[in-house]
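K.L.:
Dropping the structure in here first, questions after.
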Amino acid sequence: MAIQPVKTAIIGAGNISDIYLQNCTAWPILDVVACANRTVARAEQQAAKYNIPRACSVEEALADPQIELIVNLTVPAAHGSIALAAIRAGKSVYNEKPLAMSREEARLLLDEAHARGLLVGCAPDTFLGAGLQTCGGLLDAGTLGQPVGATAQMITRGPDYWHPNPAFLFERGAGPLFDMGPYYLTWLISLFGPISQVSGAVRTTYPERTIHSEPRRGEVIRPEEPTHVASLIEFHSGPIATLLISFDVWDMYAPSLSVYGSAGTLTLPDPNTFGGPVTLRSDMAEGGREIALTHSHAENSRGMGAADLAYALRTGRPHRASGALAFHVLDTMHAILEAARTGRRVELISTCERPAPLPAGMAEHQLDV
Ligand SMILES: NC(=O)c1ccc[n+]([C@@H]2O[C@H](COP(=O)([O-])OP(=O)(O)OC[C@H]3O[C@@H](n4cnc5c(N)ncnc54)[C@H](O)[C@@H]3O)[C@@H](O)[C@H]2O)c1
């Protein structure tokens with residue numbers, strides 16, 4: 001029997017909305033019926049570009065009784081409040097990352113959604129892509145032997161060099177940890193399961209930064225979150241990872257993520273992407289060999305997590321880019337800062353299930369039911 005598409009509204013029609021609108025309109029499970037923004041003119045622009053029937057204000061989208069799912073692409077400071085308003089309006093919600101600013105705000109959101117029987121999901125959904133699903137398959141098949149640990153690194157001189165509107169990426173609730181950390185932490189949790197405790201050290205190298213990108217070139221930003229973060233991360237299942245994440249390093253966005261097992265090393269693709277390459281090294285005499293991807297969705301498939309949530313709404317099965325996973329990621333990031341402040345190892349207050357692997361060989365824009 002055909003599954004009824006889920007009527008969906010996009011809220012927040014900024015930079016990232018293009019790829020979401022392009023992808024969400026391609027998933028048969030999603031019926032994007034509205035595009036909303038604080039400035040409605042911008043919503044109108046994006047709605048016209050992607051043939052969305054309605055452009056409106058946030059309030060109008062939330063009041064529309066036909067809409068079941070809100071995809072919230074606003075800036076981090078608005079994620080929690082808009083998601084909570086969506087839940088209180090009786091709609092499930094899929095947020096861009098991070099889930100919310102604080103653990104308290106995120107907890108309230110999840111509790112209210114649970115009480116109303118609604119679902120909360122959250123980016124990143126890159127772990128649903130072909131690259132990481134291939135890695136997960138190798139890990140589950142025992143190809144790596146016993147998981148030992150991982151190193152994750154994202155170092156760059158910062159989005160003030162390329163983003164058209166970079167100021168929000170340095171405000172409270174953003175910075176490299178909250179902006180980029182979710183990609184790395186979500187990947188690690190999706191491979192190793194929940195985190196038990198973390199340590200950390202942080203610094204802010206440039207208390208003032210000058211925007212180098214247009215159209216705000218020359219404006220000065222004062223970071224509200226640390227811009228260089230180093231952390232040691234321990235998982236309940238045993239592996240130990242290190243995470244270095246920085247907007248203070250003279251490098252052109254150099255992401256790297258490697259996973260170590262007793263029988264081999266996997267070099268993973270950029271967790272901000274969906275594809276490969278995935279490289280396996282299991283012989284000291286030879287270099288790594290590239291592994292053929294076993295799963296679909298190797299292209300930029302942002303919005304796939306919202307589609308997975310829409311399937312969950314219709315079938316009752318769990319969704320993968322879940323609020324519980326995003327809460328665990330948020331809790332981890334706050335714990336890293338707390339560890340840095342106190343000089344102590346911090347135990348996490350949250351946990352989550354490792355998201356279920358996707359079946360191999362599925363068609364594009366289709367998911368398991
Ligand atoms: N730009 C990227 O490459 C990228 C990549 C991945 C994730 N993200 C995430 O996506 C989110 C949005 O990023 P962006 O780059 O599109 O930002 P942006 O500033 O370009 O767009 C944000 C949009 O949200 C609207 N908005 C802000 N506050 C609002 C509110 N309270 N109510 C209604 N609308 C509001 C703004 O008018 C704007 O149109 C952020 O959480 C960011 O971390 C961005």
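The values are calculated or read from the model by the stated rules, or taken from the named source; none is laboratory data. None of these values were measured; they are calculated from a predicted model. Here Cβ is always computed from backbone atoms with ideal geometry, including for glycine, and neighbour counts include all displayed protein chains.
K.L.:
Only residues in segment 221-232 that are more than 14 Å from residue 168 (Cβ to Cβ) count as the first member; pair them with residues that are basic (Lys, Arg), Cβ under 7 angstrom, at least 6 apart or cross-chain, and list the lot.
P.N.:
Sorted first by the residue in segment 221-232, then by its partner, the pairs are 226/203; 228/203.
K.L.:
Of all residues in segment 31-44, which are under 15 Å from residue 303 (Cα atoms) and crowded, with 23+ Cβ neighbours inside 10 Å?
P.N.:
32, 35
K.L.:
Which condition does residue 178 not pass, out of (1) of a type outside the set (D, E, K, R); (2) closer than 21 Å to residue 232 by Cα; (3) in a loop (DSSP other than H, G, I, E, B), if it passes all the others?
P.N.:
(3)
K.L.:
Residue 125: on the phi < 0 side of the Ramachandran plot, in contact (Cβ under 8 Å) with a residue 12 or more places away in the chain and within 13 Å of the ligand (Cβ to nearest atom), yes or no?
P.N.:
Answer is yes for this residue.
K.L.:
Tell me whether segment 219-227 contains one or more residues that are among the polar types (S, T, N, Q) and either modelled with pLDDT under 95 or under 17 Å from residue 341 (Cα atoms) (or both).
P.N.:
Checking segment 219-227: at least one residue is among the polar types (S, T, N, Q) and either modelled with pLDDT under 95 or under 17 Å from residue 341 (Cα atoms) (or both).
K.L.:
Of (1) crowded, with 16+ Cβ neighbours inside 10 Å; (2) modelled with pLDDT of 95 or more; (3) of a type outside the set (Asp, Glu), residue 253 satisfies all except one. Which?
P.N.:
(2)
K.L.:
Hey, any hits in segment 19-41 for a residue that's under 17 Å from the mean Cα position of the chain (by Cα) and β-branched (Val, Ile, Thr)?
P.N.:
Within segment 19-41, one or more residues are under 17 Å from the mean Cα position of the chain (by Cα) and β-branched (Val, Ile, Thr).
K.L.:
Looking for something acidic (Asp, Glu) and within 20 Å of the chain's Cα centre (by Cα) - is there at least one such residue anywhere in segment 328-338?
P.N.:
Checking segment 328-338: at least one residue is acidic (Asp, Glu) and within 20 Å of the chain's Cα centre (by Cα).
K.L.:
Another one. Kindly list, by first and then second residue, each pair from a residue in segment 78-107 that is free of Cβ contacts under 8 Å to residues at least 12 places away in the same chain to a residue that is buried (at least 24 other Cβ atoms within 10 Å of the Cβ) and in a helix (DSSP H, G or I), limited to pairs with Cβ atoms under 9 Å and residues at least 6 apart or on different chains.
P.N.:
none
K.L.:
Now for a separate question. How about segment 33-63: which of its residues are within 14 Å of the ligand (Cβ to nearest atom) and free of Cβ contacts under 8 Å to residues at least 12 places away in the same chain?
P.N.:
Within segment 33-63, 39, 41, 44, 59 meet the criteria.
K.L.:
Report the residue count in segment 123-156 for those that are touching a Gly at 6+ places or on another chain (Cβ under 9 Å) and either under 19 Å from residue 363 (Cβ atoms) or at pLDDT below 95 (or both).
P.N.:
So the answer is 6.
K.L.:
Report yes if residue 120 is buried (at least 24 other Cβ atoms within 10 Å of the Cβ) and modelled with pLDDT of 95 or more, otherwise no.
P.N.:
Criteria met by residue 120.
To keep it simple, each residue is scored yes or no on (1) surrounded by fewer than 19 Cβ atoms within 10 Å (Cβ to Cβ); (2) out of contact with any Asp or Glu (no Cβ under 8 Å at 6 or more places or on another chain).
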site	(1), (2)
12	no, no
15	yes, yes
25	yes, yes
29	no, yes
46	no, no
63	yes, yes
69	no, yes
79	no, no
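K.L.:
May I pose another question? Determine if segment 271-287 includes at least one residue that is over 14 Å from residue 127 (Cβ atoms), charged (D, E, K, R), surrounded by fewer than 24 Cβ atoms within 10 Å (Cβ to Cβ) and within 23 Å of the chain's Cα centre (by Cα).
P.N.:
The answer is no; no qualifying residue exists.
K.L.:
For residue 138, which of the numbered conditions (1) assigned to a helix (DSSP H, G or I); (2) under 21 Å from the mean Cα position of the chain (by Cα) fails to hold?
P.N.:
Result: residue 138 passes all but (2).
K.L.:
Oh, and also: Mind listing just one residue for me: the one in segment 71-97 that is modelled with pLDDT under 95 and of a type outside the set (Gly, Ala, Ser) and, of those, nearest to residue 333 (Cα to Cα)?
P.N.:
Filtering first and then ranking leaves 76.
K.L.:
Between a first residue in segment 17-32 that is touching a residue at least 40 places away in the same chain (Cβ under 8 Å) and a second residue that is of a type in the set (Gly, Ala, Ser) and part of a helix (DSSP H, G or I), which pairs have beta carbons less than 6 Å apart while being 6 or more apart in sequence or on different chains?
P.N.:
Once the first residue is touching a residue at least 40 places away in the same chain (Cβ under 8 Å) and sits in segment 17-32, its partners that are of a type in the set (Gly, Ala, Ser) and part of a helix (DSSP H, G or I) give 27/307; 29/307; 29/310; 30/307; 30/310.
K.L.:
Let me ask another. Within segment 63-107, which residues are touching a Leu at 6+ places or on another chain (Cβ under 8 Å), under 16 Å from residue 121 (Cβ atoms) and not in a helix (DSSP H, G or I)?
P.N.:
68, 69, 70, 91, 92, 93, 94, 96, 98, 99, 100
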